[in-house]
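Heads up, the thing below is written out as structure tokens.
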Number of protein chains: 2
Amino acid sequence: MRIAGEWYRTIRVADDGRSVDVIDQRALPFSFEIMRLTTVEQAAFAISEMVVRGAPLIGATAAYGVCLALLKNPMHGSLDRALELLGATRPTAVNLRWALEVMDEAVRYLPVEERVAAAYQRAARICDDDVEISKSIGRHGLAIFRELAAAKGSGPLNILTHCNAGWLATVDWGTALAPIYMAHDEGVGVHVWVDETRPRNQGASLTAYELGAHGVPHSVIVDNCGGHLMQHGMVDVCIVGTDRTTAAGDVANKIGTYLKALAARDNGVPFYVALPQTTIDWQARDGVAEIPIEEREAREVRFISGLGPDGRVVEVELTPPSSPAANYAFDVTPARLVTGFITDRGVCEASLDGLLSLFPEWESDVREEGFE
Amino acid sequence: MRIAGEWYRTIRVADDGRSVDVIDQRALPFSFEIMRLTTVEQAAFAISEMVVRGAPLIGATAAYGVCLALLKNPMHGSLDRALELLGATRPTAVNLRWALEVMDEAVRYLPVEERVAAAYQRAARICDDDVEISKSIGRHGLAIFRELAAAKGSGPLNILTHCNAGWLATVDWGTALAPIYMAHDEGVGVHVWVDETRPRNQGASLTAYELGAHGVPHSVIVDNCGGHLMQHGMVDVCIVGTDRTTAAGDVANKIGTYLKALAARDNGVPFYVALPQTTIDWQARDGVAEIPIEEREAREVRFISGLGPDGRVVEVELTPPSSPAANYAFDVTPARLVTGFITDRGVCEASLDGLLSLFPEWESDVREEGFE
């Protein structure tokens with residue numbers, strides 16, 4: 001993505017060839033800051049404290065975290081500690097697990113002196129692959145948007161999205177937002193309803209920032225609003241990302257996604273999930289029963305950050321000091337509520353058959369596990 | 001309700017016998033402030049700026065607004081101006097219209113010199129009646145909670161509520177919260193999931209404040225969270241208030257209510273609406289098509305107030321300055337998603353037949369209009 005004339009990725013190796021620069025997303029939308037990571041502990045901090053977030057970017061950051069650990073100490077003990085530390089940062093995103101497995105495989109059986117270079121190469125490929133995946137998702141989603149816009153005839157295509165599945169959630173382009181950028185660039189008129197996405201407001205801060213920077217028409221709404229808009233024909237299509245998708249097509253995504261999927265179904269609005277194949281958990285079936293849902297600290301609900309009257313970012317308290325709060329970070333949208341998956345290989349039904357039609361190489365693994 | 005040892009109503013005539021004192025709900029939960037209203041303009045301000053809110057309390061405040069107008073000038077021109085000014089403050093709540101009609105009837109045909117006293121008497125009766133209505137709703141809801149708790153067997157009854165339909169929304173006791181207070185007081189173990197209710201956070205500020213002051217166990221959650229809780233069996237019943245209920249049983253309530261009703265239906269969780277009969281709009285049928293939904297200023301979405309680090313309430317900006325926002329204040333929950341109405345006359349099905357079984361005096365009016 002282009003910011004003030006310069007082309008950025010959300011993560012890249014610094015000029016020293018070793019450190020890793022990421023955009024500190026906690027400072028957005030009011031300030032654009034780069035955080036430099038030089039140790040695996042900093043990489044783990046960046047993931048768990050949500051300096052970076054979004055399933056694909058979490059995977060990329062974890063991959064470079066392994067590089068930073070090996071740079072300091074390339075022995076197996078160091079590798080194991082890095083995998084454990086990074087693996088414990090966020091429980092829901094499956095890309096994290098996937099990226100760590102890929103990195104482990106890429107370096108474990110190499111001579112010690114080759115590990116660091118191999119790790120950086122593999123991490124760079126994860127990033128490059130992610131960009132290609134996002135572009136493919138964008139092209140497949142664009143075809144759907146074109147069709148919906150043609151069927152609508154006049155006026156912009158009103159698209160509702162939840163949380164941030166844009167370039168800030170990936171290495172570049174995004175998942176759910178990639179087709180929106182492409183549609184806008186190619187002259188398909190779009191307008192995006194941006195759910196603010198409490199408690200961390202990734203919609204109001206990150207998605208609104210991204211869309212604004214790219215010039216895409218949008219309106220921020222509170223998370224409560226989408227149902228009303230759909231009842232009144234003001235949403236033509238919903239599109240969201242996912243942190244983990246089961247082989248049966250259930251989708252774990254940011255808390256509140258399920259509520260929008262219910263409203264879409266109740267009002268006949270198509271509900272699409274954009275996903276890189278790395279978010280598919282081929283071992284999981286029943287998402288509600290099997291996907292671990294991260295419980296984060298109450299503070300994220302009880303406080304919120306914003307730009308104060310003096311131009312500085314300040315955190316304010318929203319609830320009575322004695323009131324407890326609960327903070328579940330994701331929910332699961334059952335496959336029955338999903339119109340289709342937009343993947344890097346094309347579009348399919350949200351079901352095992354649908355997924356296998358695009359990813360037939362998983363057929364034997366999945367069937368072996370006795371999954372019907 | 002009792003606050004720091006003193007029994008309060010949310011609205012009462014001051015010691016001077018003319019001014020009207022209300023709790024400034026914009027300052028809660030961090031500060032308890034009384035605002036004194038001495039003119040009809042101040043009463044209108046209090047309603048439109050949400051110093052007071054909640055359908056029953058809006059009605060009571062409008063009633064006293066008429067008193068204040070007549071106090072200054074008891075002629076018909078003054079009465080008409082007051083009715084117009086107050087009637088334009090909030091478009092969705094039907095109690096407002098009802099209270100103004102009641103006040104108009106009570107004074108219009110009286111000799112000029114009797115109007116002021118009659119107005120104050122009628123407004124006082126609206127308030128006293130509202131307290132009795134809340135108590136009745138509480139008793140009928142309590143019976144339902146008792147049954148649900150008995151069926152559950154062990155553990156507290158987990159109740160989810162949206163926005164604030166407690167004593168701060170009425171003159172005393174509340175609608176949706178009245179049975180919760182009564183259940184808690186009578187030893188039925190309850191725990192309340194409090195939706196924060198963006199954009200104005202009436203849940204996180206007012207409901208959490210009320211419940212905390214009364215000692216009722218509760219947890220604040222973001223509006224996105226309820227679906228996840230219901231999927232995991234963590235909600236036994238939902239109960240909300242309403243700003244307007246159609247004769248067919250559709251319910252306009254704070255934006256986001258519809259999403260929770262959808263989740264309740266999807267997970268087999270009972271969804272009750274507590275309502276004083278004054279919120280029934282016997283002329284309206286199809287809520288989505290007929291109930292006007294207030295659109296409020298974008299600022300309420302783009303900014304939020306909270307307690308800053310220096311102990312003062314401060315407003316912070318949440319979105320990029322260039323991002324527009326849309327702010328619809330209510331949505332409509334179709335009758336098909338509502339398990340039952342808890343009214344001051346008892347419990348009924350959310351349908352015309354259900355409502356007429358409790359309010360048969362409306363039968364001829366409704367049938368005359370050709371409503372099937």
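The values are calculated or read from the model by the stated rules, or taken from the named source; none is laboratory data. Being a predicted model, the structure only gives us computed values, none of them experimental. So basically every Cβ, Gly included, is an ideal-geometry build from the backbone, and we count neighbours across all protein chains shown. Accessible surface areas use protein heavy atoms only, side chains included; no ligands, DNA or RNA. Shrake-Rupley method; radii C 1.70, N 1.55, O 1.52, S 1.80 Å.
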Q: Pop out the ³J(HN,Hα) list for segment A:332-337 in order, Karplus 6.51 cos²θ - 1.76 cosθ + 1.60 with θ = phi - 60°, rounded to Hz; leave Gly and Pro as x.
A: 10, 9, x, 3, 4, 9
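If you wrap a convex hull around the alpha carbons of chain B, what volume per residue comes out, as a whole number of Å³?
Numbers: hull volume 55.7 nm³, N = 372.
Output value, Cα hull per residue: 150 Å³.
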Q | Over segment B:45-86, equivalent-ellipsoid semi-axes from the Cα gyration tensor in Å | A | 20, 9, 8
Q | Label point 7 Å beyond Cα along the C-beta direction, distances from A:G268 to other copies (nm, shortest first) | A | 3.0
Q) Within the P(r) computed for segment A:84-165, what percentage of the Cα pairs occupies the region above 23 Å? A) 48 percent
Q: Give the Rg (one decimal place) followed by the Dmax (whole number) of segment A:1-67, computed from C-alpha coordinates and expressed in Å.
A: 11.4, 32
Q. What residue among A:L229, A:L337, A:L275 shows peak mean-square fluctuation when chain A is described by a Gaussian network model with Cα springs under 10 Å?
A. A:L229
**Q.** Total accessible area lost when B and A pair, probe 1.4 Å, Å² to nearest 100
**A.** 4900 Å²
Q: Enumerate the calculated ³J(HN,Hα) couplings along segment A:342-350 in order (Karplus 6.51 cos²θ - 1.76 cosθ + 1.60, θ = phi - 60°), each rounded to whole Hz, writing x wherever the residue is Gly or Pro.
A: 9, 10, 5, 9, x, 9, 8, 5, 7
**Q.** Rounded Å value of the spacing that divides the Cα centres of segment B:208-248 and segment A:75-109
**A.** 40 Å
Q. If you average over every viewing direction, what projected area does the convex hull of the Cα atoms of segment A:264-338 give, in nm²?
A. 8.9 nm²
Q: Run through all the Cα pairs of segment A:226-372 and give the fraction in each 5 Å bin from 0, expressed as whole percent.
A: 2, 9, 16, 16, 15, 13, 12, 8, 5, 3, 1, 0, 0
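From the C-alpha gyration tensor of segment B:155-273, pull out the three semi-axes of the equivalent ellipsoid (sqrt of 5λ each), sorted largest to smallest, in whole Å.
Values: eigenvalues 72, 60, 39 Å².
Whole-Å semi-axes of the equivalent ellipsoid: 19, 17, 14.
Counting only protein heavy atoms, what percent of the accessible surface of segment B:1-71 is carbon or sulfur at a 1.4 Å probe?
Working: 1170 of 2590 Å².
Solvent-exposed carbon and sulfur of segment B:1-71 make up 45 percent of the total.
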**Q.** Unit charges at the beta carbon, dipole of segment A:1-95: most positive-side option, A:T39, A:L68, A:I23
**A.** A:I23
(Q) Tell me the per residue accessible area of chain B using a 1.4 Å probe; a whole number in Å² is fine. (A) 35 Å²
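Taking segment A:200-250 on its own, what percent of its Cα-Cα pair distances exceed 14 Å?
Values: 861 of 1275 pairs.
The calculated P(r) of segment A:200-250 puts 68 percent of pairs beyond 14 Å.
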Q. When the Cα atoms of segment B:58-194 are enclosed in a convex hull and the volume is divided per residue, what value in Å³ results?
A. 101 Å³
Q.
In segment A:177-218, what residues drop by 50 Å² or more of accessible area when the other protein chains are put back, versus the chain on its own? Use 1.4 Å, and skip ligands and nucleic acids.
A. A:R198
**Q.** Extent along principal axes [Cα atoms of segment A:156-226; Å; largest to smallest]
**A.** 33, 28, 17
Q: Taking each label point as 7 Å beyond Cα in the direction of the beta carbon, state the distances from B:K72 to the same residue in the other copies, shortest first, in nm.
A: 7.1
**Q.** Nonlocal amide H pairs with A:F303, under 5 Å, H built at 1.01 Å
**A.** A:L318
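Could you tell me how many cubic angstrom of Cα convex hull volume segment A:301-372 has per residue? Before the final figure, lay out the partial values.
Details: hull volume 14.6 nm³, N = 72.
Each residue corresponds to 203 Å³ of Cα convex hull volume.
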(Q) Looking at chain A as a GNM with Cα springs under 10 Å, which of A:W282, A:W362, A:W193 has the largest mean-square fluctuation? (A) A:W362
Q: Would you compute, for the Cα atoms of the protein assembly as shown, the largest minus smallest coordinate along each principal axis and list the three values in descending order, in whole Å?
A: 101, 56, 54
Q.
Skipping prolines and chain starts, which residues have an amide H placed within reach, meaning under 5 Å, of the one on B:A284, given they are 5 or more residues away or on another chain?
A. B:A247
Q) Can you give the % of DSSP beta bridges in the protein assembly as shown that are antiparallel, to the nearest 5? A) 55 percent
Q. For segment B:190-201, what does the Karplus curve 6.51 cos²θ - 1.76 cosθ + 1.60, with θ = phi - 60°, yield as ³J(HN,Hα) per residue in whole Hz, taken in order and with x for Gly and Pro?
A. 10, 9, 10, 8, 9, 4, 5, 6, 5, x, 8, 6
Q. Per the Kirkwood formula on distinct C-alpha pairs, the Rh of segment B:1-142 is how many angstrom?
A. 15.3 Å
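What's the Kirkwood radius of segment A:238-277 in Å, using all Cα pairs?
Numbers: mean 1/r = 0.0951 Å⁻¹.
10.5 Å is the Kirkwood radius here.
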Q) Given springs between every Cα pair under 10 Å in a Gaussian network model of chain A, which of A:H218, A:H184, A:H232 has the largest fluctuation? A) A:H232
